[in-house]
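Data first, discussion second: the structure below is written as structure tokens.
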Amino acid sequence: MISKKCSDKNLEYLLKQMPPIQDKRPSQIIYRNIQLVLAKKQKRKRVIPILAAAAAFSILLILTPALFQEVSLSGHTNKKENYPILQEYSQKHKDRPTRSETNIITKVKKDQDILIFGVPDQQGQNVIPLSLIIKKQDIPYVELLYEYKGEFEPRKLGLGHYFLTDFNLKEGKGKDILIDVPEKNDINLGSVYNNIFNQSVFESFRGSGYMNAQYFTGGKRGILFGEMAEPENGISLSGYENKGYLIFQKDKDAPEFLAPSPFNSKSFYAALMDMRKSKEEWHLQSSIPENVAIEKSVGNEKLKQVVVFFKKGTELEDIPKNRLMFEAIMLAAKEFGYQSISFEGIKKPQRIGNIQLHKKNKVPLAPNPINEVIVN
């Protein structure tokens, strides 16, 4: 029979492995520790008597439900733990932020705002704008980026690291945003990283009321990227990009996002034609299917309206692929300064997703919403 002393030691050991109620470790680490406990108990069975091993294992079986319950309680108690550990491992994809059945935001309530994070992909080729709808607060936009950056995990979405909040961001005089990186930094990847850095800044701040982004290194003006001869002093955040939108998806299990094309277009119609072509070297898929015929687009610069003419009698299905197409077209229209868009030549259906195909639509407020409204 196993001694009381031995039982107490086992019990004490197991209890020490249990996370506290306010455990701030990532759930993956907590789960890994539980696995280690189980593995160690398995090894002990080889060196202790069979009867003692059976008794120890029985104690472990009794304690395991309570242990998992404690871990799950910790996930609910901590505000920043969005997903309990059991959900994370038993429901593979439900640990991602909740995403609505659309890749655009067309309206928000009066007490809501939109935060946009320009997140690079893992290859450092594209910047994907991700949008969060939050409660409106009397806090500078740049401070909200710091506050809410932990509400999503880019890698779970198939994206890379959002690096801007690693640096010192603050508002300057007028409508400028100031970005200061340390003197000793990892910005040494040359012009490629320079482009991704600028694009991330542009996507993160262009719709927030700022006019310019000024760059600093250790308080001195400019950032020297890699082997560049002269430091980069900053970029303008005003104006339009004149780009189409394509589909970015890291793999079949990752969500689809609408991403700006790496190339500018001379006209809105040229952008639509560009959106018909996948760009494999950029890991971007076409957003307008080859079997969908778009004949022309007619814009009214004074009224800031544009009409897209499909081949007369076009019939489409209300499926995600076609919804993404129209959402990408609407985002592209916004990139050319249009405020509303309508479609001609489509016989049916009347609507796809939330988009009215026979009525005028306002261009989206932002792309790629990634969760429900966050309540503080």
Failed criterion for I355 (all others in (1) more than 30 Å from N198 (Cβ to Cβ); (2) surrounded by fewer than 14 Cβ atoms within 10 Å (Cβ to Cβ) hold):
(2)
Could you grab me the full set of residues in the stretch 141-152 that are touching a residue at least 12 places away in the same chain (Cβ under 8 Å) and surrounded by 14 or more Cβ atoms within 10 Å (Cβ to Cβ)?
Y141, V142, L144, L145, Y148, K149, E151, F152
Apart from one, (1) modelled with pLDDT of 95 or more; (2) over 26 Å from A328 (Cβ atoms); (3) surrounded by fewer than 17 Cβ atoms within 10 Å (Cβ to Cβ); (4) not hydrophobic (A, V, I, L, M, F, W, C) all hold for S236; the odd one out is (2)
Test of understanding: among F336, F326, which residue is touching a residue at least 12 places away in the same chain (Cβ under 8 Å), crowded, with 22+ Cβ neighbours inside 10 Å, in the same structural domain as P260 (by TED's automatic domain parsing) and in contact with a helix residue (DSSP H, G or I) (Cβ under 7 Å, 6 or more places away or on another chain)?
F336
Restricting to the stretch 105-136, name every residue that is surrounded by fewer than 20 Cβ atoms within 10 Å (Cβ to Cβ) and without any contact (Cβ under 8 Å) to a residue 40 or more places away in the chain.
K109, K110, D111, D113, K136
Do any strands (runs of 3 or more DSSP E) entirely within the stretch 107-215 hold 2 or more residues that are modelled with pLDDT of 95 or more, among the hydrophobic types (A, V, I, L, M, F, W, C) and more than 17 Å from A366 (Cα to Cα), and if so, which?
176-181
The lone exception for K266 - which of (1) exposed (fewer than 14 other Cβ atoms within 10 Å of the Cβ); (2) in contact with a helix residue (DSSP H, G or I) (Cβ under 9 Å, 6 or more places away or on another chain); (3) within 26 Å of F205 (Cα to Cα) it fails:
(2)
For the stretch 285-305, check the following and say yes or no: at least one residue is surrounded by 14 or more Cβ atoms within 10 Å (Cβ to Cβ), touching a Leu at 6+ places or on another chain (Cβ under 9 Å), at pLDDT below 95 and over 25 Å from K348 (Cα atoms).
no
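The values are calculated or read from the model by the stated rules, or taken from the named source; none is laboratory data. What you are looking at is a predicted structure, and each value in this text was computed from that prediction instead of being measured. Please note: Cβ atoms are built from the backbone with ideal geometry, for glycine as well, and neighbour counts cover all protein chains shown.
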